[in-house]
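Report on one structure; see the data block that follows.
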Amino acid sequence: MALIKTFFLTVMLVMSLSAREQVNVNFSDLEIEDFIKLISKVTNKNILINNKIKGTVDFVSTVPVYDDELLGILISVLESKGFSLVKDGSLYQIVRSTELAKNNVRVASTGEDVYGALMVTQVIKIDGENVDIIAAKIRYLISTTAKLMTMKESNTLLITDYPKNITTIKKVIKDIIAENKFIVKILDIKYTDIKKLHAKLVDISKSLFNEKVEEEIVKIILDDNINGLVIVGKEENIATIETIVAKLDIEATITEEIKIFELTNSDSKTVLATLNAIVAKQKFADPLQKPNITSNDEINAIIVMGEPFIVKGISQIIHELDKEKYQVYVTARIIEVSKNEAENIGIKYGFAGGDVSSSGLYAMSGNFGASGLTNDALSVVVGALSSIGETARADTTSLDIAGNPVINPGTNVVTSAFALGATLDFLETNGASKAISNPSILCLNNKESSIYVGKTIAVSSGTTSSAAAGVTNSIKREDIGLELKIKPRVSSVDKVTLDVGVKLESILDDGSKNETGQPVTAKQEVKTQAILRHGENIIIGGLVKNISRDSVSKIPLLGDIPIIGKYLFSSSSVIEEEDSLVVILTPYIIDKSEELSKLQRELGRLAEIQEEYNKEIFDKLEKQADGAKETRKVETPLDENDYEGSMWDDE
């Protein structure tokens, strides 16, 4: 029965075929191998069957099909069984679908329109898109047995598939690339601040376009050189951004304010650092509101650019920072006091002159009170002290009926100041002290100032020897002298804290008295803090230096007799001397720069009054000492064996 059906179908097909005609095909339960033979006869093509293919074919057609479509029907039947058809020269082979790409598949030229029923291999070039992204999007379109490979170097696809599939894939790729085609447009900005506008457009773009979809992304790039924006994206998306820019780029009614603050009392770099530190800690609702602050060293000015209300706030800060700074004028007296000589003075004048500790000079100052000053002199002194800095010392002076300053009974400002000055001058006049230095220094508030007075000495640091030059000494230079460092911190117009550092280096031996031949130096150093009132003194002591000295005492003339005089009329001893370094500091607070010259004039007047004061006090002490001496002579008359003090000499 099947044979009859096959014969009938064959006759019908042969009778109907000419160039390209339509035929009616209907069969059922036809063996696949018989169907292959039928197609071979109808299409006049030689088909090689390498594998046994089992199964039957059913085909029902209600409308005629073209004769050249029969080969496609055969391929479809073979595909369902895991086989396919490939052309090999003048004949066709049936091969397994998994091995199809390895069996001489026709290679179509790039851009060629492919057709037919047999698989072909073709290279598809991708323009304007990443080949891997395109491959991922169209991979599902290829047939089960097709092969797809991407070549990143040339951005191309290599595909082996049926022509119809390849045609479909190329059409889809074309649509994808057309959909994703980006353009570039440059927008000139005329009025608006380009940085602010750029930030706004970036935020708007994120809201309008889905960033997770690559073809929807719009890139907005700022270009300062042309004061414009470079927009990259799809044409319709760019058109949307362009419309927004046209509405935002309008001439603003309020622009940024630029202001220059010329400083009169502060350094522009210091003020700039402070302002930047303040601005850095501020949080702005709009980051673009952050002001631009810079300095100009040439005119010592701060330049601020920003929103008017922000510039106004910065102006207030600059005003406070540029206020006139407190200055502190510090006078110093650095003296070296000999304890032995001071004790001799105390014995001579009848007071504790040898106490030179941190409070010892005040113990001695009790004998140098201000009772010797006239009321007019005291008025001048108090006026000088109180006028400096425009601050009245209520505890020091009051006014009489005529408006003149009067000393209050309980005050100690004038008495302590002049008593201390008299004490120091008295010690120096009588050889008990030596002035090392009397420097004065003007300090800016919270800034360290220093004075150094000294000399440089050569010290051997080693020797080197060579055959050519012999022994060579290496010399280094050492600074020896007095260094005073002061850092004031003014807490009010009447009170200041001083950070004080004093260092005194001296030469004990220039190298002539020791075996090494190297100089021997001594260093005395003190660091301290003190809180003082305007015009108040502070004594810094405690730096003690002990010196041993050989002393010979002899009776005049008799002590000079050879041999006998040395043993009978003279004696030798070792005298231990103790010297103390004392630093006296007096700060004067200056709240206005013009007060400095006034202060210096007043200090000159005080120096003149101090001399007058000293003269009266010294004369008084001499009279007291002479009276005490006469009293001692009456009470204990000298006999002929006593010697006057001038008969003894220290050598």
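Can you give me the Kirkwood hydrodynamic radius for the stretch 136-286, using every pair of distinct Cα atoms, in Å to one decimal?
Taking every pair of different Cα atoms in the stretch 136-286, averaging 1/r and inverting gives 20.5 Å.
Report, by chain and number, residues whose modeled amide H sits under 5 Å from the one on Tyr326, excluding near sequence neighbours (fewer than 5 apart, same chain).
Amide H neighbours of Tyr326, under 5 Å, 5+ apart: Asn445.
Could you provide, to the nearest whole Å², the per residue accessible area of the stretch 104-181 with probe 1.4 Å?
57 Å²
Add +1 for every Lys or Arg and -1 for every Asp or Glu among the other residues with Cβ under 11 Å from the Cβ of Gly306, and state the total.
Neighbour charge sum, excluding Gly306 itself: 0.
So which lysines pass the test for Lys623, namely a Cα distance under 26 Å, with those fewer than 8 places away in the same chain ruled out?
Those lysines meeting the cut-off are Lys339, Lys348, Lys434, Lys615, Lys633.
Using each residue's phi in the stretch 128-137, evaluate 6.51 cos²θ - 1.76 cosθ + 1.60 at θ = phi - 60° and report the 3J(HN,Hα) Karplus result to the nearest Hz, with x for Gly and Pro.
x, 7, 6, 4, 5, 5, 5, 4, 5, 6
So how exposed is Arg333, as accessible area in Å² (1.4 Å probe, rounded to 10)?
So the heavy atoms of Arg333 present about 60 Å² to solvent.
Could you sort Tyr191, Tyr329 by accessible area so the largest value comes first, with the probe set to 1.4 Å?
Solvent-accessible surface, decreasing: Tyr191, Tyr329.
Counting Lys and Arg as +1 and Asp and Glu as -1, what is the net charge of the other residues whose Cβ lies under 9 Å from the Cβ of Met119?
Residues near Met119 contribute 0 overall.
Using amide H atoms built 1.01 Å from N in the peptide plane, name the residues 5+ places from Ser295, or on other chains, whose amide H lies under 5 Å from its own.
Under 5 Å from the amide H of Ser295: Ile303.
Using only the Cα atoms of the stretch 123-185, construct the convex hull and provide its projected area averaged over every direction, in square nanometres to one decimal.
4.3 nm²
Taking all protein chains together and a probe of 1.4 Å, list His319, His198, His534 from the most accessible to the least accessible.
His319, His198, His534
Could you sort out which of Lys269/Lys447; Lys259/Lys447; Lys164/Lys212; Lys137/Lys212; Lys281/Lys495; Lys476/Lys523 sit more than 22 Å apart by Cα distance in this structure?
With Cα atoms farther than 22 Å apart: Lys259/Lys447; Lys164/Lys212; Lys281/Lys495.
At a probe size of 1.4 Å, how large is the accessible area of Val42, to the nearest 10 Å²?
In the full protein context, Val42 sits at about 20 Å².
Provide the net charge surrounding Gly481, with neighbours chosen by a C-beta distance below 15 Å and charges set as Lys +1, Arg +1, Asp -1, Glu -1.
Around Gly481, the surrounding residues sum to -1.
For the stretch 24-136, what number of Lys pairs, 8 or more residues apart or on separate chains, have alpha-carbon atoms under 17 Å from each other?
Value for the stretch 24-136: 10.
Give me, ordered by chain and number, the residues 5 or more places off Ile540 or on other chains with an amide H under 5 Å from its own placed amide H.
Residues meeting the amide H criterion: Val583, Ile584, Leu585.
For the stretch 45-179, give the share of DSSP beta bridges that are antiparallel, in percent and rounded to the nearest 5; count only bridges with both residues there.
That works out to approximately 70 percent antiparallel.
The values are calculated or read from the model by the stated rules, or taken from the named source; none is laboratory data. Only a predicted model underlies this, so the values are computations on that prediction, with no experimental measurement involved. Backbone-built Cβ (ideal geometry, glycine too); neighbour counts: all protein chains shown. Note: areas computed on protein heavy atoms with side chains; ligands, DNA, RNA excluded. Shrake-Rupley method; radii C 1.70, N 1.55, O 1.52, S 1.80 Å.
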